[in-house]
Amino acid sequence: MSRGERGDFAVIGQRLRKIDGLAKSTGRAAYTDDLVLPGMLHGKILRSPHPHARIVSIDTSRAEALEGVHGVLTGGELPTPYGIIPWTPDENALAVDRVRYVGDGVAAVAAVDEDTALQALDLIEVEYELLPVVLDPRQALEAKGTYEAGDYIHPPRKEGWNGNVTKMVKLEFGDVDGGLAAADLEVEGEYWFEGTTHAAIEPHCAIGLFEGTGRLTVWSSTQVPHYLHRELARVLRLDPAEVRVIQPPVGGAFGGKSEPFDLEFCVAALARKTGRPVKILYTREEVFYAHRGRHPFDMWYRTGMTRDGRLTGVDARIVLDGGAYASFGLVTTYYSGQLLTAPYDLPAYRFDSTRAYTNKPACGPKRGHGSVQPRFAFEVQLDKLAQLGGFDPMELRRKNVLGSHTRTINELRVTSNGFLECLEAVERASGWKERWRRLPFGRGLGVAGSTYISGTNYPIYPNDMPQSGIQVQIDRSGRVAVFSGGSEIGQGTDSAMAYIAAEEFGVPLEHVRVYRGDTDFTPVDLGAYSSRVTFMLGNACVDACRRLKAQVCSAVAEYWEGDPDAVILRGGRAFDPAEADRSMPIRQAFQLAEARWGTLGATGSYNTPKDVHGSYRGGTIGASPAYSFTAHVAEVEVDPETGVVRVEKIWIAHDCGRALNPVLVEGQMEGSAYMGFGEALMEEQVFKDADHGRAGLHDAPSLLDYRMPTSLDTPDLEAHIVESVDPEGPYGAKEAGEGPLHPSIPAIANAIHDAVGVRVDRLPFSPPRVWRALEEARRAGRLAKPAHPAERVAEGAS
């Protein structure tokens, strides 16, 4: 660790267990699919076999007549469109008049068991009128015609747009043309980032229960209970006060469960229709088609630099393949440009991004939402500039570092910034100075950096209410209860809240209970997305605990006839360090407080500062109360005969502000780097086109066929925590769950170049793709390891 003092903490900063670890490791944790309600039915959803078609008719009579079927649902019964972003509600629980991708839901059945439900699906007769199919985003943007004729996937959103445009963003900061004209060196490049999916272990699952009083309860593996609660009420036209969402433990999500899905609406509607609870569990194939994963990006960058290594301007054009529905696409389009302006000081920057609809499953947020793809392209651009200018790429990044307590070119406020320390950590640990450009042919090192948000500065729907709330209650037994709306999806949210309560009240961690995941009895938290939870929910928890702690200290001081500020709660006791005889068990302190103040409880909340962004349209998107910073060095081995790339090791340095628990932070860092490594070398969410069989069918909708790294494929991962102690975060903490992914991919790309002297600007770096690049270089006579800058200077002098 570096920078920032450890502080006088008893719990914070210690290497502690997760409070739910034992329940999960022993199988006692009950996930959504583990729940069985009395009289529960099982649901299945009929899905479209066509990528684009008009629904002419649906006949469900034979399915309804099948013994064991209790209810059948079609799209016309839930006509209200929904969407996670309020300005782009373009989905229905089930398709109403047309389907837009293979896998679009058409009808749903509830039956006594899954086999009967599947049999009933086969009995539903759907007549389709096939419509034109578009799978390429650039072709989608070039389409002409009308929505009615099927030329567009959706009706045009704006005058002059075609119906295949979700969002267009064009923003410019500073004099880009002037900056590029003044550059001594310039690099222009095209990059392709293939789409990838989340592949969480737990498939989506939901259970609906509709009580006779009109009250709806939905159990779901969602990572956004509050947003699901809102959309359920709206689509089913219920009073929000009659809707309850319960979130059992979630078996991974990575962004793939951060919006409502068809199964949640279907279990609710079928439960209302049948009068019995209904469960729907996605198959793994359905998970792949539900998707909402990483957008494919087609990117063009032009970057200028002076001879002494200072950047002069960046120009970018990006086309996003969004799939059939908007999802988070409005935000993704902004993120594709807005989040590139740190950790480097860009004097001028312009981006032009357009998200296109295509007849494929909708893309959405995946770990590092919207900024992983441009970070890959830009960090490779920097490496190319370093090569062109004769710089060590580590030094080039140092020359252009943004700094702390400043603003980016697009007016985002940056508080703490440990990026220089991150570079220093990976440089030292990897032996960069001694080994870069000096390893044998076929082996190489690459570096890359990045930044990411610690939560979005504004909620998804406009309001002035807090983004996070916590309720804390302390008991005369010495026990502390935390009621949290936070979403525990495996990242340690519940544990972090327990650490905070144990720190503030001085109680053993075992005496803290965290109750969460129920919209009926926990305060609102907006969900586990955008790396917001530790920062925002943590601040709310600190707020609640300190309100209550003040009452305890006041009551103890009154008993001692002393100063409340002198009372310390630690190690299971309340004491005054200046008076040896003033000490009591924490239980007694709580009892004094309850006698003085009555039943002890307090609420805490957190809302973001509003002066952290510019006033231009779109200036709020990308704004955050704090930013994390990351640097990676990757070491690779490339087989020049086969194109096989083996990543030997990744060194990860991440500025997380303060590590509330270093074990959990290291786990997030390593998990992020692992995911980036998998996307770099293996992962592809791709679909068949018209020339290769059924258009729109997924190439590999199973964990057997979708290539992901196993533990045997995974490189050594070495985490280095950098602590910049941010003034806005709880105890100085910032995010650690998504930012550490970004540099993995460009660091591997840059290491491949160091190893064999070729550039691979399209993902993934599969053996055929790398081999083709090697063959092209071999035929051109330029297959060789690049020279070290010092060697180039020596050659020039001679």
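The values are calculated or read from the model by the stated rules, or taken from the named source; none is laboratory data. Every value quoted in this text rests on a predicted model; they were computed, and no experiment measured them. Virtual Cβ from ideal backbone geometry, glycine too; neighbours counted across all protein chains shown. Quick note on the areas: whole protein, heavy atoms, side chains included, nothing else; ligands and nucleic acids left out. Shrake-Rupley method; radii C 1.70, N 1.55, O 1.52, S 1.80 Å.
Considering 409, 453, the condition of being β-branched (Val, Ile, Thr), out of contact with any Cys (no Cβ under 9 Å at 6 or more places or on another chain) and open to solvent by 10 Å² or more (accessible area, probe 1.4 Å) is satisfied by 409 alone.
In a loop (DSSP other than H, G, I, E, B), over 30 Å from residue 514 (Cα atoms), open to solvent by 10 Å² or more (accessible area, probe 1.4 Å) and touching a Phe, Trp or Tyr at 6+ places or on another chain (Cβ under 9 Å): does that describe residue 276? Considered against the rule, which asks whether it is in a loop (DSSP other than H, G, I, E, B), over 30 Å from residue 514 (Cα atoms), open to solvent by 10 Å² or more (accessible area, probe 1.4 Å) and touching a Phe, Trp or Tyr at 6+ places or on another chain (Cβ under 9 Å), residue 276 comes out as yes. With respect to residue 533, is the statement that it is surrounded by fewer than 19 Cβ atoms within 10 Å (Cβ to Cβ) and closer than 18 Å to residue 494 by Cβ true? Taking the combined requirement at face value, the residue does not satisfy it.
Of the candidates 107, 120, 140, the single residue that is open to solvent by less than 10 Å² (accessible area, probe 1.4 Å), among the small types (Gly, Ala, Ser) and in a strand (DSSP E or B) is 107. Identification of helices (runs of 4 or more DSSP H) wholly contained in segment 679-798 with 2 or more residues that are surrounded by fewer than 14 Cβ atoms within 10 Å (Cβ to Cβ) yields 767-779, 789-797.
The condition of being farther than 30 Å from residue 680 by Cβ and touching a residue at least 40 places away in the same chain (Cβ under 8 Å) holds for only one of 235, 250, 176, that being 235. The listed residues are 16, 35, 41, 46, and the only one of them that is touching a His at 6+ places or on another chain (Cβ under 6 Å) and in contact (Cβ under 8 Å) with a residue 12 or more places away in the chain turns out to be 41.
Taking the criterion of being over 39 Å from the mean Cα position of the chain (by Cα) and of a type in the set (D, E, K, R), the residues of segment 53-82 that qualify are 59, 62, 64, 67.
If you check 332, 341 for being in the same structural domain as residue 385 (by TED's automatic domain parsing), among the hydroxyl-bearing types (Ser, Thr, Tyr), crowded, with 24+ Cβ neighbours inside 10 Å and in contact (Cβ under 8 Å) with a residue 12 or more places away in the chain, only one passes: 332.
Would you say residue 67 is part of a strand (DSSP E or B), open to solvent by 40 Å² or more (accessible area, probe 1.4 Å) and not assigned by TED's automatic domain parsing to the domain that holds residue 329? No, not satisfied. Could you look through segment 650-678, keep only residues that are of a type in the set (D, E, K, R) and buried (at least 24 other Cβ atoms within 10 Å of the Cβ), and pick out the one that is nearest to residue 9 (Cα to Cα)? Only one residue fits best here, namely 658.
Of the set (1) touching a Phe, Trp or Tyr at 6+ places or on another chain (Cβ under 9 Å); (2) assigned to a loop (DSSP other than H, G, I, E, B); (3) open to solvent by less than 50 Å² (accessible area, probe 1.4 Å), all apply to residue 642 but (3). Counting only residues that are within 29 Å of residue 689 (Cβ to Cβ) and in contact with a Lys or Arg (Cβ under 9 Å, 6 or more places away or on another chain), segment 35-49 holds 2 of them. Taking (1) out of contact with any helix residue (DSSP H, G or I) (no Cβ under 8 Å at 6 or more places or on another chain); (2) open to solvent by less than 20 Å² (accessible area, probe 1.4 Å); (3) not assigned by TED's automatic domain parsing to the domain that holds residue 741 in turn, residue 560 satisfies each apart from (2).
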